[in-house]
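To start, the structure itself, in structure tokens.
Each reported figure results from applying straightforward, stated rules to the coordinates on display, with no laboratory input. Remember, predicted model here, so these are calculated numbers, not experimental data. Ideal geometry is used to build each Cβ from the backbone, glycine not excepted, and the neighbour counts take in all protein chains shown.
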Amino acid sequence: MKNRRSQARALGTLPENYLRTLAYRLRQPPRGFKIVKSGPVKEVIKLHNEADWTELPVPYHKDKDDAPYVTAMNIIRDPETGFYNSCHAGTHAVGPRRGLISFVTPHSHVIMRKYRDMGMDAMPIAFVFGLPPAYEIMANFSGLHMDAWGEMEMVGTIMDRDIEMVRCETLELNVPAEAEIVVEARVNLKDRFKVGEVTSPSMYNLPHYENLPEVEVSAITMRGDRPIYRNHQTCPDTDHQPLPRLCHEAVLYNRLSELGLDVKDVRFPTWGAALSCIIQFSYPREGMVNDALMLAMGAPWLNTKLVVALSPDTNLDDPVDVYHAIATRCYPAVPNTRGSPYDPAARPLEGQYPWRVVGKMGIDATIKSRHDPADFERAWPRNWGQVKLSDYL
Ligand SMILES: [Mn+2]
């Protein structure tokens with residue numbers, strides 16, 4: 001899912017229309033899903049003591065990991081609204097039927113509290129491996145939605161087709177019928193366990209520890225013919241960096257468009273350590289770029305530490321071209337803001353573990369509308385990139 005070509009395929013559109021399409025579909029009402037009686041994910045069913053998720057090829061992600069680490073999408077159901085909330089909560093598979101789950105998104109915590117307030121001591125959860133990628137794009141949505149829909153109700157909306165869900169074997173929960181593998185479990189809502197060395201998208205061992213709830217596996221269902229185990233490896237330039245930020249890009253696309261900008265792209269590049277965002281647009285007059293930069297820096301998430309505004313002529317797939325624009329088009333700008341717990345340069349807040357504060361930068365590396373636009377035209381050697389040396393040998 002790391003490039004626009006595969007992201008566009010997930011939505012059934014062309015790369016040049018991808019971001020606009022996702023941004024538009026996220027503004028549409030939820031399509032919901034169809035409940036079906038069975039599906040490919042039910043071809044093999046292992047219940048209770050037969051279910052052992054350490055038999056799945058769950059990898060270790062880095063040297064300091066104590067246990068294999070599951071990165072699958074998970075589904076939980078809001079007991080109040082009935083909506084299906086989804087995210088990817090990294091889970092240490094510490095035993096055949098035991099895991100320690102790291103919910104980093106606030107909605108999972110809100111929903112867990114609802115179950116607790118209803119007097120429950122466990123919450124149903126399903127881990128879902130191997131799906132059409134639009135499920136994973138949508139599962140990573142974050143924003144105001146809990147009173148209107150859950151992420152699963154929107155998967156069909158962003159794919160522009162119906163999706164089918166099938167009943168779990170051991171839980172009051174539905175899961176995607178076309179999944180490769182589903183692990184059914186319950187989250188223990190009472191106890192917490194200390195786990196060390198988090199696998200962060202910025203490629204640091206941060207935060208150093210978490211206090212996590214445990215999950216108890218009750219069933220595994222899967223496809224019969226060599227089911228695919230889907231993993232998001234936490235190393236540079238894989239799905240782990242872009243995937244959680246694709247809906248962020250679409251949300252920012254909508255907000256920047258509301259400012260009156262002609263937005264070409266919004267990108268959290270894989271090489272930006274999940275802390276940096278590029279906004280690319282053309283604008284009618286001076287003053288709009290700084291508002292766009294502040295809009296992005298003031299985003300709800302903690303990954304807009306470094307924001308760079310670029311003009312449409314810069315190639316976002318080429319870090320060299322992006323850096324060139326910064327060096328040549330920037331006219332040097334904001335300290336002490338909310339930091340990411342994954343950023344080692346951010347200052348840890350005493351008594352507020354794992355929260356940190358950090359300075360932010362908004363870099364206006366666009367063509368300046370107040371100058372002669374011809375000053376910013378890139379000078380390339382004639383026929384640059386079109387000459388084949390072998391033609392001259
Ligand atoms: Mn949510």
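For F268, the residues whose amide H sits under 5 Å from its own are I278, ignoring neighbours fewer than 5 places away on the same chain, with H placed 1.01 Å from N. Shown in residue order for the range 151-168 are the 3J(HN,Hα) couplings computed by the Karplus curve 6.51 cos²θ - 1.76 cosθ + 1.60 at θ = phi - 60°: 4, 5, 5, 9, 4, x, 5, 7, 8, 6, 7, 6, 10, 10, 10, 10, 5, 5 Hz (x for Gly and Pro). Derived scalar couplings between HN and Hα for the range 377-388 equal 5, 6, 9, 10, x, 4, 6, 4, x, 10, 8, 9 Hz in order, rounded to whole Hz, by the Karplus curve 6.51 cos²θ - 1.76 cosθ + 1.60 (θ = phi - 60°), x for Gly and Pro.
Amide H to amide H, with H built 1.01 Å from N, M165 comes under 5 Å of K34, I35, V36, A177, counting only residues 5 or more places away or on other chains.
Footprinting exposure proxy ranking of D52, D117, fewest other C-beta atoms within 10 angstrom first, gives D117, D52.
Placing unit charges on the Cβ atoms of the charged side chains and taking the dipole of the chain about its Cα centre, the candidate lying farthest along the positive direction among A179, I45, I326 is I326.
Just so you know, the averaged projected area of the alpha carbon convex hull for the range 106-186 sits at 5.7 nm².
Taken over the range 243-376, the convex hull of the Cα atoms encloses 108 Å³ per residue.
Calculated over the chain, the projected area of the Cα convex hull averaged across directions stands at 23.1 nm². Taking a Cβ cut-off of under 12 Å around I35, the surrounding Lys, Arg, Asp and Glu residues balance to a net charge of +1, with basic ones at +1 and acidic ones at -1. Ellipticity at 222 nm from helices only: DSSP H runs of n ≥ 4 in the chain, each -39500 (n - 2.57), divided by the residue count, give -6000 deg cm²/dmol. Here's how it looks for L206: its modeled amide H is under 5 Å from those of V198, S200, which are all 5 or more places away or on a different chain.
Along the range 9-24 the Karplus relation, 6.51 cos²θ - 1.76 cosθ + 1.60 evaluated at θ = phi - 60°, assigns HN-Hα couplings of 4, 4, 9, x, 9, 8, x, 5, 9, 4, 5, 4, 5, 4, 4, 5 Hz to successive residues, with x for each Gly and Pro.
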